[in-house]
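Written out below as structure tokens is the structure these notes cover.
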Amino acid sequence: MQSIIYKIAIFTVLLTVVSCGSKEVEKVQTEITENDNIFVSKKQFQNSKMALGSMEEMSFPKMVQTTGMIDVPPENRAVVNATMGGYIKTTPLLIGDVVRKGQVLVTIENPEFVTLQQEYMQVHEQLTYLQSEYERQQTMVAENITSQKSFLQAESAYKTAKARHNGLRKQLQLLNLSPTSVEAGSISSVVSIYAPISGSITKVNVTKGTYVSPATAILEIVDNDHIHLELSVFEKDIMKLTKGQPINFSIPESSAKTYKATIHLIGSAIENNRTIKVHGHLDDESEANFLPGMFVEAAIVTETTLQKSLPETAVIALDGGEVVLKLINETNEGYYFEKTEVEVESNYEGRTAFTSSNNLTMKDKILTIGAFNLIADE
């Protein structure tokens, strides 16, 4: 019986000690809450891989945000047309095919091509006779053997035939038909259309048997060897821009990577939507497989300023503002942090610049990693 009573007494003492300890812990926690400080034990600090840091001065750019697209110069884009109408006889190319300048793209057939070559041959044959007659009359009129009227008739007939001959010859050349071959008696009802530039086929608007007129766009070729940025900048930002300013841009639909470019030209006319075109050259065109028409988001760097900054991970949004956790005391048990308000101006390359940080000095220690979880757990 005495043993049982002894055990009960010991249990009562232990319960009293634990109860007092719990009350003491609650008192400490209440004190921290009242002071609006956050305590982090050394063990928690190490296990959560937290880190301390100080403010540093670095150059922050002021940027104009804009959008635009990847494009190519006009001379790197070609729409292929037929000089004369006709029916597509062969069209072996598909969208995406790579062609070289001078390569046959399509062939066109039309009986009118035969008629044109026949007329050229007739005029060519007549021209030899008319030239001989003109030279004969010229000699005779110089010796007063023939009349001036006969000479003028021969001269007119020869020069008219020569003009017609030259015109028909030029038409044959536009159709890519050789006048020399026609003069030798080779007549064809089919003509070939050749690639005016090297590049990739981006549009095919015809099929075999389609009739095309000179106004019909048969194919489109784009040469991607030289691409550029075509940006639209709002009127309010135009005065901030100058030639040579750097551009940071990305292709949001395909990659999060940021690429570099430089302003090459600034437009001189404002469009209906109150924007102006800005032409930018890429620093490294081979850096990615850019294609004309890709949408880009860009930031034009207009100037740089030296500002106090911290890593982005140190700044936490709270109640419509931003705060950082400043170390106010370090003990053997852990760290005490105070929430300090700051005014953020901009973010750049993982760091945050402040417009106002009156409550901080360059010597203050700031929690740079782990602050978000501490504030979120409160």
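Read-outs throughout are calculated quantities, based only on the coordinates presented, and are distinct from any laboratory measurement. Just so we're clear, the structure is a prediction, and the values are computed from it rather than from any experiment. As a convention, Cβ positions derive from the backbone with ideal geometry for all residues, glycine included, and neighbour counts pool all protein chains shown.
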Quiz item: Cross-link list LYS101/LYS159; LYS260/LYS326; LYS62/LYS365; LYS170/LYS208; LYS62/LYS326: which exceed 31 angstrom alpha carbon to alpha carbon?
Solution: LYS101/LYS159; LYS260/LYS326
Practice problem: Return the aspartates and glutamates within reach of LYS42: Cα separation strictly under 13 angstrom, same-chain partners fewer than 8 residues apart disregarded; answer none if there are no such residues. | Solution: GLU330, GLU333
Practice problem: Would you kindly compute the Cα radius of gyration of the stretch 80-136 and its largest Cα-Cα separation (Dmax), both in Å? | Solution: 18.6, 61
Quiz prompt | Debye, to nearest 20: dipole size of the chain, +1 on Lys, Arg Cβ, -1 on Asp, Glu Cβ | solution = 940 debye
Practice problem: Report the semi-axes of the equivalent ellipsoid for the stretch 75-222 in whole Å, largest first, where each axis is √(5λ) for an eigenvalue λ of the Cα gyration tensor. | Solution: 44, 14, 11
Quiz item: Are there trypsin sites (Lys or Arg not before Pro) in the stretch 280-378 that DSSP marks as loop and that have at most 13 other Cβ atoms within 10 Å, and which are they?
Solution: LYS363
Exercise. Enumerate the aspartates and glutamates that LYS240 could reach by cross-link, defined here as Cα to Cα under 12 Å, with residues fewer than 8 away along the same chain left out.
Key: GLU303
Practice problem: Could you work out the equivalent-ellipsoid semi-axes for the stretch 201-317, taking the square root of 5 times each eigenvalue of the Cα gyration tensor, largest first, in whole Å? | Solution: 37, 19, 13
Quiz prompt | Of LYS257/LYS339; LYS257/LYS277; LYS43/LYS257, those spanning more than 28 Å from alpha-carbon to alpha-carbon | solution = LYS257/LYS339; LYS43/LYS257
Exercise. Determine the relative contact order of the chain: mean sequence separation of Cα pairs under 8 Å and six or more apart, normalised by residue count, in whole percent.
Key: 26 percent
Quiz item: Which residue, chosen from THR202, THR331, GLY185, occupies the Cα position most advanced towards the positive end of the dipole of the chain, where the dipole is computed from +1 (Lys, Arg) and -1 (Asp, Glu) charges on Cβ about the Cα centre?
Solution: GLY185
Quiz item: Please report, for the Cα atoms of the chain, the Rg to one decimal and the Dmax as a whole number; what are they, in angstrom?
Solution: 42.0, 169
